[in-house]
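What follows is a set of notes on a single structure, which appears directly below.
The values are calculated or read from the model by the stated rules, or taken from the named source; none is laboratory data. Bear in mind that the values here come from a model prediction, so they are computed numbers and not experimental data. Quick reminder, even Gly has a Cβ in these numbers, built from the backbone with ideal geometry, and neighbours come from all protein chains shown. To get the accessible areas, we keep the full protein, side chains included, count just its heavy atoms, and leave off ligands, DNA and RNA. Shrake-Rupley method; radii C 1.70, N 1.55, O 1.52, S 1.80 Å.
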Amino acid sequence: MAQAKARRKTEAGSLSDDTTAAERHGLLRSMLLQRRFEERCAEAYALGKIGGFCHLYIGQEAVGAGAIAAIRSDDYIITTYRDHGQALARGMSPRSIMAELFGRADGCARGKGGSMHLFDRSLNFLGGHGIVGGHVPLAAGIGFAIKYRGGDQVCLCFMGESVVNTGAFHEALNMASLWKLPVVFLIENNRYGMGTALERASSIHDIYLRAASYDMPRAFVDGQDVLAVRTATLEAVRRARSESVPTLLEVRTYRFMGHSMSDAVAGTYRSKAELEEYMKRDPIMVLRMAMQDAGEIDDPGMARLDEEVKAIVQDAWDFADASPEPPLESLFEDVLVETTT
Amino acid sequence: MAVATYRDALNQALKEEMQRDDRVFLMGEEVGVYQGAYKVSKGLLQEFGEMRVVDTPITELGFAGIGVGAAMVGLRPVIEFMTWNFALLAIDQVVNAAAKLLYMSGGQFPIPIVFRGPNGAALQLSAQHSQAFDAWLAHIPGLKVVSPGTPADAKGLLKSAIRDDNPVVFFEGEMLYNTKGDVPDGEYLTPIGQADLKREGDHCTIVTYGKSVLLAMQAADQLAKDGIRVDVVDLRTVRPMDVNAISASVRKTNRAVVLEEGWEVCGVGAQVADLIQRECFDDLDAPVLRVHQADVPMPYARNLERAAKPDVPKTIAAVRKVMYLEER
Ligand SMILES: Cc1ncc(C[n+]2csc(CCOP(=O)(O)OP(=O)(O)O)c2C)c(N)n1
Ligand SMILES: [Mg+2]
């Protein structure tokens, strides 16, 4: 019922890109996994299994799924505290993520980091970072290291649109452009930083135009259309990889939830009506409709996919729940490493 | 006198000072439309308008500097940091500008500004969002540093801070905002630099301030059940520190425990312990002990976080130890 309604309201995306049917299926699955995973996060938060700050990605799944589909497994990713979706899209184990959110020993950071700080070195997933803007110079540094070593990797750096107002952003983008560093600066413009609309915080409302100050290639793309995000990121990645030129890519999206689990979904800063308007373009529905029109998926197929990802999420939950608390002696571990040279 | 939360006490102070002096304005992230990240500025935008309650972009360095510049030419800014963790981005303006301009100009430019916001750990916010910076800022000559632990002190000290002609660093606490207490109505000023004896006893002194006052009071209650009576000296101001209040208490009790939220190394407790050994060397019956956060970044997991934070049992254990009582 809810789906039928959403279907009527949602305009299908187009399939006129170079993805294969299997790739599209993979993107749909990736977004659905993110969605179902985070719905359970909200539940776990209400139950007190997850604590602290927990920022959900619901509504923005196409950004993580589409952009990460455009990079190689040896490329690097760095992001903000709103990191669950990208971690899943990168292929991090739902078990280790959920265990981290539950603050357990089997979490990807052994329970030390929590929701805002997911890391997986083996997947070149260089973390969720909690200080707005703080990770953007790190992205430039990763780009610097790639160039220094003469590699052809790229660094994909996710950030919210509020980041463009921080000093760290300007310093990093200037150096990235000056020194031609292979970085894709991807802005997830969800229109708000907490309760502040971008028009109230940035003198320039078309965020991608900021790149002009650094003479940096720039583009914007519809962030609810996963295929469009993938295509735009591919172009930026190609430029970074083959020309070592950074790009500022503005991806226009919207968050369907509150800023974090401790904030209201709508309130003084945005109306329910506005939220409902944006929710008509649910990224999962946009792709599903297009695939349905092309005969690539039907209702039973969608139901099967949903059951499949729900089972994965349930397994992650059960795993996290059964994982022990971190041992107390781990409190003093990881402050510094033993120097080996 | 009415019962109010710490949050409301701060709100009253801001409101009254803004009514009293039109040079006072509030600037920071989410202070206006959103009514404050922790609702401290509730209603102020509506009463005072956009020129005096200013929402900023996420630009701590920039708006701290805007505050200092405005203060150089006669305004009296109150700069809100959403938390002190983010104020690290503004540390240059606080330390290199606000704290230096009077001195560097040979007395020409006093900087009447308040930098305020919650400091220290809340619950499970992990390493980047759970830090106490009182020792950092208290290290800097040219700043005053206050850290109220009760609603009444929050009101009285914020009003004094806003009226002070110097830069005042004002530490609040996320876990304090909902705490309640009697708050005097209207004109109520708590002098900066004056400690408060929050509880009287003659067996041991607990020196503390800020959020840790709550822990000290609970520890004192529990110790009283075992017949142990402690003085709780609430510093309220970390810089300048009320040496007389500390030494008067320690001369009476001959024993001291210093309790603080932050890390041990070069912490505020080290400064207090140093004062005590200098001022009260002959009065001491035991070495001064310190209770503080474990010497690690704050972990996320609930059990690890609990183990890392100073708490009532750790405080009680320290008091018993300086009294040479067996651990229980
Ligand atoms: C330097 C700094 N200041 C303030 C904060 C508090 N804060 C956390 S997220 C956030 C809003 C960020 O918005 P945006 O960059 O648009 O990302 P979004 O949350 O929308 O994904 C703020 C103000 C912070 N983490 N770091
Ligand atoms: Mg945003």
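Listed by position, the helices (runs of 4 or more DSSP H) contained in segment B:1-100 that have at least 3 residues being aliphatic (A, V, I, L, M) and either within 16 Å of ligand 2 (Cβ to nearest atom) or more than 14 Å from chain A (Cβ to nearest Cβ) (or both) are B:6-20, B:60-72.
Report yes if some residue within segment A:301-314 is within 13 Å of another protein chain (Cβ to nearest Cβ), without any contact (Cβ under 8 Å) to a residue 60 or more places away in the chain and at negative phi; otherwise report no. Looking for residues that are within 13 Å of another protein chain (Cβ to nearest Cβ), without any contact (Cβ under 8 Å) to a residue 60 or more places away in the chain and at negative phi, one finds none in segment A:301-314, hence no.
Residues that are out of contact with any helix residue (DSSP H, G or I) (no Cβ under 6 Å at 6 or more places or on another chain), open to solvent by 60 Å² or more (accessible area, probe 1.4 Å) and assigned to a loop (DSSP other than H, G, I, E, B) are absent from segment A:240-260 altogether. The condition of being modelled with pLDDT of 95 or more, outside any loop (DSSP other than H, G, I, E, B), away from ligand 2 (no atom under 12 Å from the Cβ) and in contact with a His (Cβ under 6 Å, 6 or more places away or on another chain) holds for only one of A:E171, A:E199, that being A:E199.
Scanning segment A:244-278 for residues that are under 18 Å from the mean Cα position of the chain (by Cα), farther than 29 Å from B:L125 by Cα and hydrophobic (A, V, I, L, M, F, W, C) yields A:L248, A:L249. On inspection, B:R239 does not qualify as in the same structural domain as B:D274 (by TED's automatic domain parsing), farther than 30 Å from B:R20 by Cβ, basic (K, R) and open to solvent by 40 Å² or more (accessible area, probe 1.4 Å). For segment A:139-167, the set of residues classified as within 14 Å of chain B (Cβ to nearest Cβ) and either in a loop (DSSP other than H, G, I, E, B) or more than 16 Å from ligand 2 (Cβ to nearest atom) (or both) consists of A:T166, A:G167, listed by residue number. Among the candidates A:G143, A:G133, A:G151, the residue that is more than 26 Å from B:M298 (Cβ to Cβ) and surrounded by 19 or more Cβ atoms within 10 Å (Cβ to Cβ) is uniquely A:G143. Could you grab me the full set of residues in segment B:242-267 that are under 20 Å from the mean Cα position of the chain (by Cα), in contact (Cβ under 8 Å) with a residue 60 or more places away in the chain and open to solvent by 10 Å² or more (accessible area, probe 1.4 Å)? Once the filter is applied, which keeps residues that are under 20 Å from the mean Cα position of the chain (by Cα), in contact (Cβ under 8 Å) with a residue 60 or more places away in the chain and open to solvent by 10 Å² or more (accessible area, probe 1.4 Å), segment B:242-267 yields B:E261, B:W263, B:C266. Against the criterion of being buried (at least 22 other Cβ atoms within 10 Å of the Cβ) and without any contact (Cβ under 8 Å) to a residue 40 or more places away in the chain, A:V229 does not qualify. Determine, yes or no, whether A:G91 is touching a helix residue (DSSP H, G or I) at 6+ places or on another chain (Cβ under 7 Å), open to solvent by 30 Å² or more (accessible area, probe 1.4 Å) and within 16 Å of ligand 2 (Cβ to nearest atom). Against the criterion (touching a helix residue (DSSP H, G or I) at 6+ places or on another chain (Cβ under 7 Å), open to solvent by 30 Å² or more (accessible area, probe 1.4 Å) and within 16 Å of ligand 2 (Cβ to nearest atom)), A:G91 does not qualify. When A:F169 is tested against (1) of a type outside the set (G, A, S); (2) open to solvent by 10 Å² or more (accessible area, probe 1.4 Å); (3) more than 9 Å from ligand 1 (Cβ to nearest atom), just one condition goes unmet, and that condition is (2). Taking segment B:139-238 and the strands (runs of 3 or more DSSP E) fully enclosed by it, the elements with 3 or more residues that are among the aliphatic types (A, V, I, L, M) are at B:230-234. Scanning segment A:252-281 for residues that are at pLDDT below 95, among the β-branched types (V, I, T) and farther than 13 Å from A:T196 by Cα yields a count of 1. Residue-level analysis places B:A127 outside the set of residues that are within 14 Å of chain A (Cβ to nearest Cβ), surrounded by 24 or more Cβ atoms within 10 Å (Cβ to Cβ) and aliphatic (A, V, I, L, M). For segment A:136-159, does any single residue satisfy the condition of being under 26 Å from B:Y38 (Cα atoms) and without any contact (Cβ under 8 Å) to a residue 60 or more places away in the chain? No - not one qualifying residue is present in segment A:136-159.
Taking the listed residues A:R288, A:R281, A:R270, the one that is within 14 Å of another protein chain (Cβ to nearest Cβ) and either touching a Phe, Trp or Tyr at 6+ places or on another chain (Cβ under 7 Å) or surrounded by 17 or more Cβ atoms within 10 Å (Cβ to Cβ) (or both) is A:R270, with no other qualifying.
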